[in-house]
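Report on one structure; see the data block that follows.
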Amino acid sequence: MDHENLIAIDTHTHAEISCWNPFDNYGEEYDRAADKYFKSSRRPTIQESIDYYRERKIGLVMFGVDTESNLGRRRVPNEEIAEAAKKNSDVLIAFASIDPHKGKMGAREARRLIEEHGVKGFKFHPTMQGYHPYDKMAWPIYEVINEFALPAVFHTGHSGMGSGMRCGGGLRLEYSNPMHLDDVAIDFPDMQIVMAHPSFPWQDEALSVATHKPNVWIDLSGWSPKYFPKQLVQYANTLLKDRVLFASDWPLISPDRWLADFETAGFKPEVVPGILKGNAKRLLKLV
């Protein structure tokens, strides 16, 4: 990534559409519910997203979400995102997503993606994948990530996915309580754990874990900054200023909107450069 010529690095963007696989409309009701929740129906291709970010001189970390076991939805191939990162290395870094239910087979895939495809991190969504982050089922995949000292992004808090659907689409919010990551942070100290989103309704738990465990970070995706809990802004301005990350949740929230609202959200001028780019550079080992 040509970070010197970028104004910011968005550490949380989604690959929504595969150009390699045929269209799969299975489970599309989750997309429609998310569109209603986020007031967005944007579903760009990977290259369309890259072009959008390059135009704005913003780097991006991109991943899919592998929910094949719990939801039966075909994932966007990790290799497709990795290939796009190789072709667009000035702005794009590829993370992978592997359903923890895949166990040792998932661990083999993780190693292959790192060694052969240059993947730089991983994404987990406990609510959508249907597991507790501390479940030993996921340990084989975590062990590979820890071995290579790579980041792993975990969804935390409320989920727009399933919101408003009958029974919430069967998705359990409790899986995404950030306190469940405390055990993971202890057993895998070289894996940099990124707690995604303001962790409503467990914001204080997230701040506690991140303050206590130096390998835990927080990304600010999924919400407009004008709605951030005041304690999150307070910690970002003080104790956690070196481990808080700009992140939008594209395409559900655009970086244009996020950055505009960030300017008036109460962040101190001296912490802004770190949040927008400096902290991500260290997390992604760009410096």
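The values are calculated or read from the model by the stated rules, or taken from the named source; none is laboratory data. The shown structure was predicted, so the numbers you read here are calculated from the model rather than taken from an experiment. Glycine gets a Cβ as well: all are built from the backbone with ideal geometry, and neighbour counts include every protein chain shown.
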The correct count of residues that are out of contact with any Pro (no Cβ under 8 Å at 6 or more places or on another chain), among the basic types (Lys, Arg) and farther than 11 Å from residue 47 by Cβ in region 80-107 is 2
Exactly one of 89, 18 is at negative phi and either β-branched (Val, Ile, Thr) or at pLDDT below 95 (or both), and that residue is 18
Selection from region 258-284 of residues among the charged types (D, E, K, R) and either closer than 13 Å to residue 220 by Cβ or touching a residue at least 60 places away in the same chain (Cβ under 8 Å) (or both) yields 261, 277, 281
In region 163-190, anything crowded, with 23+ Cβ neighbours inside 10 Å and of a type outside the set (Ser, Thr, Tyr) is listed as 171, 178, 181, 184
Residue 193 passes all but one of the listed conditions (1) touching a strand residue (DSSP E or B) at 6+ places or on another chain (Cβ under 6 Å); (2) touching a residue at least 60 places away in the same chain (Cβ under 8 Å); the exception is number (2)
Going through (1) of a type in the set (Gly, Ala, Ser); (2) on the phi > 0 side of the Ramachandran plot; (3) in contact with a helix residue (DSSP H, G or I) (Cβ under 7 Å, 6 or more places away or on another chain) one by one, residue 72 fails only at (3)
Review point. Are any of the residues in region 23-36 of a type in the set (Phe, Trp, Tyr), surrounded by 15 or more Cβ atoms within 10 Å (Cβ to Cβ), modelled with pLDDT under 95 and closer than 23 Å to residue 219 by Cβ?
Key: yes
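Quick grid of which residues meet (1) of a type in the set (Phe, Trp, Tyr); (2) farther than 20 Å from residue 134 by Cβ; (3) surrounded by fewer than 19 Cβ atoms within 10 Å (Cβ to Cβ):
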site: 192; (1), (2), (3): no, no, no
site: 195; (1), (2), (3): no, no, no
site: 209; (1), (2), (3): no, no, no
site: 217; (1), (2), (3): yes, no, no
site: 250; (1), (2), (3): yes, yes, no
site: 257; (1), (2), (3): no, yes, yes
site: 269; (1), (2), (3): no, yes, yes
site: 279; (1), (2), (3): no, yes, no
- Task: Could you please let me know if residue 105 is more than 29 Å from residue 208 (Cβ to Cβ), hydrophobic (A, V, I, L, M, F, W, C) and either surrounded by fewer than 19 Cβ atoms within 10 Å (Cβ to Cβ) or at pLDDT 95 or above (or both)?
- Result: yes
Note: among 98, 93, 114, just one is touching a Lys or Arg at 6+ places or on another chain (Cβ under 6 Å) and crowded, with 20+ Cβ neighbours inside 10 Å, namely 93
